[in-house]
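Step one of this worksheet: look at the structure below.
Just so it is clear, none of the values below were taken in a lab; they were calculated from the coordinates. Quick caveat: nothing in here was measured; it's all calculated off a predicted structure. Cβ coordinates were reconstructed from backbone atoms using ideal geometry, including for glycine residues, and neighbour counts include every protein chain displayed.
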């Protein structure tokens, strides 16, 4: 009987440890979350400039280069629209909606 109780306790401890690993953020995630506002501010400044948007578009589309770091859709969509306008495949003056819902 004591053996069954010990096995149940080990199983419960293993389950609780696994659940904790799944539900609690690790330190790497927390560090990234703390630095996120600074990165977002840097992107807001850099990607709002039309010259920068055109340069990124040319690197991605015309030169077939791959991004070194991922860019959020919040930033990449205006970059694409600026490039499409430059290439003449997006009507000038047409704006991208901030939200579609």
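General observations
- Our analysis of the chain gives Rg over Rh at 1.34, with the two radii drawn from alpha carbon positions and Rh computed by the Kirkwood formula.
- Spin-label model, residue 55 to residue 39: label points 7 Å out along the Cα-to-beta-carbon direction sit 2.1 nm apart.
- On Cα atoms only, tilt of 73-87 relative to the major axis of the chain in degrees: 20 degrees
- Angle in degrees between helix 2-23 and the longest Cα principal axis of the chain, rounded to the nearest 10: 10 degrees
- Relative to the longest principal axis of the Cα atoms of the chain, the long axis of helix 27-47 makes an angle of roughly 10 degrees.
- Sorted by Cβ density within 10 Å, fewest first, the residues 79, 66: 66, 79
- Expected 222 nm ellipticity per residue - DSSP helices of 4 or more, -39500 (n - 2.57), all of the chain, to 500: -22000 deg cm²/dmol
- Computed from the Cβ-Cβ distance with R0 of 35 Å, the FRET efficiency linking residue 24 to residue 67 stands at 0.70.
- Net length available on complete extension from residue 32 to residue 74 is 13.3 nm, with 0.36 nm assigned per residue and the Cα-Cα distance removed.
- The chain, relative contact order in percent, only Cα pairs under 8 angstrom and at least six apart counted: 20 percent
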